[in-house]
1. Over 12 Å from THR80 (Cα atoms) and assigned to a helix (DSSP H, G or I), is that true of GLY55?
2. Which of the numbered conditions does ILE64 fail, given that it passes all the others? Conditions: (1) among the aliphatic types (A, V, I, L, M); (2) surrounded by fewer than 13 Cβ atoms within 10 Å (Cβ to Cβ); (3) not in a helix (DSSP H, G or I).
3. If you scan segment 59-80, which residues turn out to be of a type outside the set (Val, Ile, Thr) and under 13 Å from the mean Cα position of the chain (by Cα)?
4. In segment 9-51, how many residues are under 12 Å from the mean Cα position of the chain (by Cα), in contact (Cβ under 8 Å) with a residue 12 or more places away in the chain and under 21 Å from GLY67 (Cα atoms)?
Amino acid sequence: MSDNNKIKVTIERYDEIIDLYDSFNLLEVTTKRAYEYLCLFVVDEDGKYVGAELGAKYFKDNRIKRGEIGALWFDFVKKTGEAFVPPPNGTA
């Protein structure tokens, strides 16, 4: 993906979108399911979620290849982990 900042993961969005079964099996979802989820996490220039239809349009317009979905999903899973870990506050 040309811009990794187009996929934004927050705890609130994750809890709203990802079903319980898939949340425990993120690395085992099908390619189709991963694509459907990723479309719901695409954001615009202002960081606002654009929805499934515009998310799919983003993938289409940018000609994202099928072979790239694994790397995109892995990045999504990584961002998910980061969203659930509080940022360090500088204390030991």
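1. Working: over 12 Å from THR80 (Cα atoms): yes; assigned to a helix (DSSP H, G or I): yes.
The answer is yes for GLY55.
2. The number of the failed condition is (2).
3. Step one: filter segment 59-80 for residues of a type outside the set (Val, Ile, Thr), giving 59-63, 65-68, 70-76, 78-79.
Within segment 59-80, PHE59, GLY70, ALA71, LEU72, TRP73, PHE74, ASP75, PHE76, LYS78, LYS79 qualify.
4. Residues flagged as under 12 Å from the mean Cα position of the chain (by Cα), in contact (Cβ under 8 Å) with a residue 12 or more places away in the chain and under 21 Å from GLY67 (Cα atoms) within segment 9-51 amount to 10.
For every residue, the table says whether it meets (1) surrounded by 10 or more Cβ atoms within 10 Å (Cβ to Cβ); (2) within 16 Å of ASN5 (Cα to Cα).
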| site | (1), (2) |
| --- | --- |
| TYR21 | no, no |
| LEU27 | no, no |
| THR31 | yes, no |
| GLY51 | yes, yes |
| TYR58 | yes, yes |
| PHE74 | yes, yes |
| VAL77 | yes, yes |
| VAL85 | no, no |
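Rule-based calculations on the coordinates, nothing more; no lab input. Computed from a predicted structure; not experimentally measured. Every residue, glycine as well, gets a Cβ built from its backbone with ideal geometry; the counts of neighbours run over all protein chains shown.
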